[in-house]
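Reviewing the structure listed below.
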Amino acid sequence: ALKEPIEPALVGFVLPLLADASLRTSARRALRRAGDRIVGQLGDALLDEGLALDARRQLPAVLGQIASRRAVAALLAAQASRHEDLRQRAVRALSELAPTLPVPRREVFAAVTRELEREEVSLPFVFALLGLVLEAAPLKHALGALAGDDERLIGTSLEYLENVLPPT
């Protein structure tokens with residue numbers, strides 16, 4: 001087991017341990033307990049293509065436990081990742097932070113735009129992103145309607161989205 005919390009100077013040595021299933025839990029706990037003192041390093045590691053993807057996949061859960069604007073910024077920056085799994089994990093972590101910390105609308109809408117420009121679009125994921133800044137219930141109904149066959153409900157959902165989303 002790792003001594004907790006770890007010193008900021010040791011973060012670089014702990015990060016690769018996240019890729020090892022037998023050490024992952026201990027490494028996550030040690031990083032989480034260091035919290036605010038290392039959030040910048042965790043955000044940098046999340047975006048570091050040189051760090052094993054298996055290790056990077058663990059970082060959103062760690063950042064999602066640190067109530068910090070810097071954690072929010074790092075998780076939003078991960079929305080530009082080419083790895084869908086990493087983006088989805090970051091959105092789940094953001095949804096944990098969103099009730100207590102504001103998530104910048106403009107950055108969320110920019111992430112939605114990037115998602116809609118991808119070759120394969122996951123509407124549930126796009127709606128999860130939108131759920132960071134819009135009310136959950138209307139979004140849930142809109143997504144359900146868009147997946148259905150009722151043209152009237154689809155039209156209502158599109159009208160709702162037109163009213164709550166920026167013109168772009």
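The values are calculated or read from the model by the stated rules, or taken from the named source; none is laboratory data. Worth saying up front: this structure is predicted, and the values here are computed from it rather than measured. Reconstructed Cβ throughout: ideal geometry from the backbone, glycine too, with neighbour counts over all protein chains shown. To get the accessible areas, we keep the full protein, side chains included, count just its heavy atoms, and leave off ligands, DNA and RNA. Shrake-Rupley method; radii C 1.70, N 1.55, O 1.52, S 1.80 Å.
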Average accessible surface area per residue within segment 1-132, 1.4 Å rolling probe, Å²:
52 Å²
Distance histogram for segment 61-103 (every C-alpha pair counted, 5 angstrom bins, percent rounded to whole numbers):
5, 30, 37, 19, 8, 1
To the nearest 20 debye, what charge dipole does the chain have about its Cα centre, counting +1 at the Cβ of each Lys and Arg and -1 at the Cβ of each Asp and Glu?
840 debye
Taking the alpha-carbon centre of each part, the distance from segment 69-122 to segment 142-163 in Å is 23 Å
Percentage of Cα-Cα pair distances in segment 70-150 greater than 14 Å, rounded to whole percent?
61 percent
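Normalised radius of gyration for the chain, please: alpha carbon Rg relative to 2.2 N^0.38 Å, two decimal places.
My calculation over the Cα atoms of the chain gives 1.16.
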Work out the P(r) tail for segment 27-107: percent of alpha carbon pairs separated by more than 16 Å, whole number.
42 percent
In segment 62-149, GluC sites (Glu not before Pro) in a DSSP loop with at most 10 other beta-carbon atoms within 10 Å
GLU117, GLU119, GLU120, GLU135
